[in-house]
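Heads up, the thing below is written out as structure tokens.
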Amino acid sequence: MGQVLYGECVRSGETMTVRISDLARVGCAVETDACAVDLEGELTMWIGAIGPFAATATRSDDRHHAVRFVQPLDDQIVLHFAPA
């Protein structure tokens with residue numbers, strides 16, 4: 001796993017702080033501390049203070065989700081947060 005970033009996912013009016021890894025133009029992985037908010041399905045994501053980005057999350061297990069952005073992120077956003 002590369003650099004870990006912090007962000008938020010908003011779904012059904014509830015916000016969950018997440019750790020973001022494997023950031024790419026088309027998606028990323030997110031991890032939560034608890035499964036208090038069901039992130040599976042359509043959501044809005046903030047990466048740091050940048051966003052919101054429309055996305056869809058698929059559950060991997062209780063704390064891990066794969067997120068796919070509705071529109072690919074701009075290259076500059078990825079380079080800013082996840083330099084090669």
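Derivation of every value follows stated rules applied to the coordinates shown; laboratory data play no part. Just so we're clear, the structure is a prediction, and the values are computed from it rather than from any experiment. Virtual Cβ from ideal backbone geometry, glycine too; neighbours counted across all protein chains shown.
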- Query: When the convex hull of the Cα atoms of the chain is projected onto a plane and the area is averaged over all directions, what value comes out in nm²?
  - Reply: 4.8 nm²
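Using a 10 Å cut-off around each Cβ, can you sort LEU73, LEU43, LEU79 from fewest to most neighbouring Cβ atoms?
Least crowded to most crowded, the residues run LEU79, LEU73, LEU43.
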- Item | Packing-based ranking, highest mean first, of 56-62, 6-12 given that Cβ atoms within 10 Å are counted | 6-12, 56-62
- Hey, what do the phi angles of region 20-30 turn into as Karplus ³J(HN,Hα) couplings, whole Hz, using 6.51/-1.76/1.60 and θ = phi - 60°, x for Gly and Pro? 10, 9, 6, 5, 9, 4, 9, x, 6, 10, 10
- Magnitude of the charge dipole, region 3-84, Cβ model with Lys/Arg +1 and Asp/Glu -1, debye to 20: 160 debye
- Evaluate the relative contact order of the chain (contact order divided by residue number), counting alpha-carbon pairs under 8 angstrom at least 6 apart; express in whole percent. 28 percent
- Query: Applying the Karplus parametrisation 6.51 cos²θ - 1.76 cosθ + 1.60 with θ = phi - 60° to the phi angles of region 52-62, what ³J(HN,Hα) value in whole Hz is obtained for each residue in order, glycine and proline being reported as x?
  - Reply: x, 10, 6, 7, 10, 10, 10, 6, 9, 7, 4
